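Worksheet: one structure, shown below.
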Amino acid sequence: MSCCNHDTSGTACYREAGFEEVYDLPVLFEGFWLLSHEPLYVNRNMPYANLFGHVHASPLYRDLSPQHLCVCVERWDYAPLPFAEIARLVREAAK
């Protein structure tokens, strides 16, 4: 198995590594969640929340707002977040 670079490798590399689904563009999930590698511009007047990575531990990006959540493992004790926790965090941020 070859090593894929998440910024430069194409989708074929990830499929060869065993991933079943790989997308070049952001994905709209359940009509609300914009899933993307890099952060997208989403403001409070838009009916979406963006889940993204790419920025790792950069202090230039906030962890959470009502419109986005950075799911980089560096920000979450090097572990993936369960989707129920992601939804809860975004709901709480919107209050």
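For the chain, the strands (runs of 3 or more DSSP E) that sit wholly inside it and include 3 or more residues that are hydrophobic (A, V, I, L, M, F, W, C) are 27-29, 33-35, 49-52. With the structure loaded, tell me whether Ala49 is over 30 Å from Ser9 (Cα atoms) and either at pLDDT below 90 or in contact with a strand residue (DSSP E or B) (Cβ under 7 Å, 6 or more places away or on another chain) (or both) or whether it fails that test. Judged against the criteria, Ala49 is not a match. Among the conditions (1) surrounded by 11 or more Cβ atoms within 10 Å (Cβ to Cβ); (2) out of contact with any Gly (no Cβ under 9 Å at 6 or more places or on another chain), the only one that Gly18 does not satisfy is (1). Being small (Gly, Ala, Ser) and at pLDDT below 90 is the filter; apply it to segment 1-46 and report the residue that is farthest from Phe83 (Cα to Cα). Among residues in segment 1-46 that are small (Gly, Ala, Ser) and at pLDDT below 90, the one farthest from Phe83 (Cα to Cα) is Ser2. Only a single item in (1) farther than 15 Å from Pro39 by Cβ; (2) modelled with pLDDT of 90 or more is not met by Val90, and it is number (1).
The values are calculated or read from the model by the stated rules, or taken from the named source; none is laboratory data. Because the structure is predicted, anything quoted here is derived from the model rather than measured. Don't worry about glycine lacking a Cβ; one is built from the backbone with ideal geometry, like all the others, and counts go over all protein chains shown.
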